[in-house]
Amino acid sequence: MSLHIGVDIGATFIRAGLFSHEGELLKKIKSPFPRSGFEEYLKNLIIDLSGGELSRIAGVGVGSIGPLDLSTGSVPRAPNAPIKSFRIVDPLRELGLRVVLANDAVAAAWGEHILGLARGYRNILYVTISTGIGGGVIVDGNLLIGKDGNAHEIGHLVVDYSSNIRCGCGGYGHWEGIASGINIPRSFSQYVSREGLCGSFKSPLCQRLLEGSLETREIFEQYARGDPIAIKYVDEYLMLVNSAGIASTINAYDPEILIMGGSVALNNKEAFAKGLDRYLDKYITVRKPVIRFTEFGDDVGIYGAAALSIKPPESLKEYIEAWNKR
């Protein structure tokens, strides 16, 4: 039986799945991103998932946070991860395995194309809003890669030039710096301060701000409960920013279908659907695509990574040949 492993390397968690050649998920593992020893961790993860029988594994697909350096098969600087620089391809090649590597959101786009909601479409946009923000794009059936593997870093689009929040990459006004899971509390703090909201409304979020321990989850929980400050922030600022980022990407790539993923988007579908319905038409200049939330849930990354191995994209062929000669 030909089996494939898909590994999703996120900034907070690493997920891996064992798949049949037809894309059926047989087994999965999830664990926090290690604080040290990444390469040994990665090898042990693959060995555990295969049950120690590496000869059964036809290939390993990996979707990773970036920025990537595909020429070395590594991540040279990961702004949101506990380890900032790590190799991916070489440790797996030491196990004698065929490897295919792409950015995590790019892998997710490919997974939706091969195994998910985007089957039958040739122009696809996948957007993930999670710890960070990223995207994957397929144009006319071709998965976009870029010279180093970073043709899709849409989280670093400038969506608010007036923002003084510094993104993890060092830039200002970036979509990820404002609207990603790790940064939403910072942009919430800036917004309520600028608008003078904590002096006008009573909200438990104001106390949490003073304590310095506000979490993204709490903002959306209070939003669902009708908290006036949470509603103003989410409806009048956060979803405006998200719509601007998504519209800019739609305008650039003209997709037939947009698929949303990532924990922030998937855990708050109603707020996102409402926000996109309110603002998106104001910004797009091309025909509006079909909009869906991924049906793979938190497993979208491992499905995407597995799809890289099951049916490697032509745009990665040159890299795949180079990696697997090592």
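Coordinate-derived values only; no laboratory data. What you see is a predicted model; the values in this text were computed from it and never measured. Don't worry about glycine lacking a Cβ; one is built from the backbone with ideal geometry, like all the others, and counts go over all protein chains shown.
What's the longest piece of the chain with no exposed GluC sites (Glu not before Pro), counting a site as exposed if DSSP puts it in a loop and it has at most 13 other beta carbons within 10 Å?
With GluC sites (Glu not before Pro) excluded where exposed in loops, the chain gives 95-214 as its longest stretch.
Search the structure for amide H atoms under 5 Å from the amide H of Phe293, placed 1.01 Å from N in the peptide plane, and list their residues when 5 or more places away or on another chain.
Met260
Anyone know which of Leu266, Leu70, Leu54 comes out most mobile in the 10 Å Cα GNM of the chain?
Leu54
What is the magnitude of the charge dipole of the stretch 1-78 about its Cα centre, with +1 placed on the Cβ of each Lys and Arg, -1 on the Cβ of each Asp and Glu, and no other charges, expressed in debye to the nearest 20?
That gives a dipole near 220 debye.
Sort the stretch 231-303 into rounded, prolate or oblate with this rule: let a ≥ b ≥ c be the square roots of the eigenvalues of the Cα gyration tensor; rounded if a/c is under 1.5, and if a/c is not under 1.5, prolate when a/b is larger than b/c, oblate otherwise.
On the way: a/c = 2.19, a/b = 1.12, b/c = 1.95.
Oblate, because a/c is 1.5 or more while a/b does not exceed b/c.
Return the distance in nm (one decimal) between the two label points of a simple spin-label model at Glu195 and Lys27, each offset 7 Å from Cα along Cα→Cβ.
Modelled inter-label distance: 5.0 nm.
Tally Lys/Arg at +1 and Asp/Glu at -1 over every other residue whose Cβ is under 10 Å from the Cβ of Ala118; what's the total? Present the calculation step by step, with values, prior to reporting the outcome.
Numbers: positive: Arg119, Arg122, Arg292; negative: Glu112, Glu256.
Overall, the nearby charge balance is +1.
Tell me whether the chain comes out rounded, prolate or oblate; compute the Cα gyration tensor, take square roots of the eigenvalues as a ≥ b ≥ c, and use a/c under 1.5 as the rounded threshold.
prolate
Using the reciprocal of the averaged 1/r over all distinct C-alpha pairs, how large is the Kirkwood radius of the stretch 119-294 in Å?
Over the stretch 119-294, the inverse of the mean reciprocal pair distance is 16.6 Å.
Using the Karplus equation 6.51 cos²θ - 1.76 cosθ + 1.60 (θ = phi - 60°), what ³J(HN,Hα) coupling, rounded to whole Hz, does each residue of the stretch 224-233 give in order, writing x for Gly and Pro?
My calculation for the stretch 224-233 gives 5, 8, x, 4, x, 6, 4, 5, 4, 5 Hz in order.
Report the chymotrypsin sites (Phe, Trp or Tyr not before Pro) located in the stretch 119-163 that are in a DSSP loop and have at most 15 other Cβ atoms inside 10 Å of their Cβ, or state none.
Loop-located and lightly packed - Tyr161.
Net charge near Arg278: determine it from the other residues with C-beta under 10 Å of the C-beta of Arg278, scoring Lys and Arg +1 and Asp and Glu -1.
-2
With θ set to phi - 60° and the Karplus curve 6.51 cos²θ - 1.76 cosθ + 1.60, what are the ³J(HN,Hα) couplings of the stretch 160-172 in order, to the nearest whole Hz, using x for Gly and Pro?
Listing the rounded values in order: 8, 5, 7, 6, 9, 7, 8, 5, x, 7, x, x, 10 Hz.
What net charge is computed for the residues neighbouring Glu321, neighbours being all others with C-beta under 14 Å from the C-beta of Glu321, Lys and Arg scored +1, Asp and Glu -1?
Overall, the nearby charge balance is +3.
Angle between the Cα long axis of helix 269-283 and the longest principal axis of the chain, 0 to 90 degrees, nearest 10?
80
When the dipole is taken about the Cα centre of the chain, and only Lys, Arg (+1) and Asp, Glu (-1) are charged at their Cβ, what size is it in debye, to the nearest 20?
180
Name the shape class, rounded, prolate or oblate, that the alpha-carbon gyration tensor gives for the stretch 1-144, where a ≥ b ≥ c are the square roots of its eigenvalues, rounded holds for a/c under 1.5, and otherwise prolate holds if a/b is larger than b/c and oblate otherwise.
Values: a/c = 1.70, a/b = 1.12, b/c = 1.52.
Because a/c hits 1.5 or more and a/b fails to exceed b/c, the stretch 1-144 counts as oblate.
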